[in-house]
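Okay, structure first, notes after.
The values are calculated or read from the model by the stated rules, or taken from the named source; none is laboratory data. Quantities reported herein were computed from a predicted structural model and do not represent experimental measurements. Please note: Cβ atoms are built from the backbone with ideal geometry, for glycine as well, and neighbour counts cover all protein chains shown. These accessible areas exclude ligands, DNA and RNA; they are computed on the full protein's heavy atoms, side chains included. Shrake-Rupley method; radii C 1.70, N 1.55, O 1.52, S 1.80 Å.
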Amino acid sequence: MKKEDCIFCKIAGGEIPSKTLYEDDRFRVILDLGPAARGHALILPKEHAENLYELPEETAAAVMVLAKRMAAVMRDRLNCDGLNLIQNNGEAAGQTVAHFHMHVIPRYKEDNQKIGWVPRETPPEELEAVKEQISFTKTEV
Ligand code: 5GP
Ligand code: ZN
């Protein structure tokens, strides 16, 4: 299903033109309009899902396989030195377009980009508390 006013639905469906790198029945892969580095691409599922929570598991698995294959293409053709996979969910996490997408970002030694976080000093009891809070068993997932 497509969502009426969703820009990535329109791009994935070909209604709005994009620099398309790849397309099949489930996905369109496009160049990001504001790339972090040369070759920065977005994997867009054609079916609308707002975020990872809504994404069908089968699609989630297929996204990772596609990302892995793209990583090899980028390494071989762009000669990049590294690669980030980034996927944002919710405003707090930096999501600006409410249609699931996976960033595939080739990285270069001199690209001067900062993608990451500031590590927080955390006492051992806090690590233990959070471990208790979010540990899970196979029956819970
Ligand atoms: P988010 O911050 O939601 O994870 O990433 C959204 C990404 O989509 C940004 O990197 C932004 O540059 C890209 N973007 C937003 N609108 C468009 C568009 O219309 N076309 C393309 N190709 N990229 C877009
Ligand atoms: Zn959409």
Does the chain come out rounded, prolate or oblate by the C-alpha gyration tensor, with a ≥ b ≥ c the root eigenvalues, rounded set by a/c under 1.5 and, if not, prolate when a/b is larger than b/c and oblate if not? oblate
Return the sequence-ordered ³J(HN,Hα) values of the range 98-103 in whole Hz as given by the Karplus equation 6.51 cos²θ - 1.76 cosθ + 1.60 applied to θ = phi - 60°, using x for Gly and Pro. 7, 9, 2, 8, 10, 7
Run down the aspartates and glutamates and flag those whose C-alpha is under 18 Å from the C-alpha of Lys131, throwing out any fewer than 8 positions away in its chain. Glu121, Glu140
For the chain, built as a Gaussian network whose Cα springs stay under 10 Å, the top-fluctuating residue of Pro124, Pro17, Pro106: Pro124
For the chain, with all protein chains present and a 1.4 Å probe, just round the carbon and sulfur fraction of the accessible area to a whole percent. 53 percent
Most mobile of Gly14, Gly90, Gly116 in a GNM of the chain (Cα contacts under 10 Å): Gly116
Under a 5 Å amide H to amide H cut-off, with H placed in plane at 1.01 Å, what residues pair with Phe100 once short-range neighbours are removed? Ala49, Glu50, Asn51
Taking amide H positions as placed in the peptide plane 1.01 Å from N, state which residues far from Arg28 in sequence (5 or more) or on other chains have amide H under 5 Å from it. Leu44, Lys46
Relative contact order (%) - the chain, alpha-carbon pairs under 8 angstrom, separation at least six: 23 percent
Any chance you could give the angle, 0 to 90 degrees and rounded to 10, that helix 57-78 forms with the longest Cα principal axis of the chain? 70 degrees
Tell me which lysines have Cα within less than 24 Å of Lys109's Cα, excluding those fewer than 8 residues away on the same chain? Lys68
How about the range 17-89: which chymotrypsin sites (Phe, Trp or Tyr not before Pro) there lie in a loop by DSSP and see at most 13 other Cβ atoms within 10 Å? Tyr53
Which of the lysines could a cross-linker bridge to Lys10, judged by Cα under 16 Å and excluding same-chain residues fewer than eight apart? Lys2, Lys19, Lys46
State the cysteines of the chain left without a partner when partners are defined as other cysteines whose beta carbon lies under 4.7 Å away. Cys80
Helix 124-134 against the longest principal axis of the chain: what's the angle in degrees, Cα atoms only, rounded to the nearest 10? 60 degrees
What are the ³J(HN,Hα) couplings of the range 2-12, residue after residue, when phi is run through the Karplus curve with 6.51, -1.76, 1.60 and θ = phi - 60°? Round to Hz, x for glycine and proline. 9, 9, 3, 9, 9, 5, 6, 4, 5, 5, 4
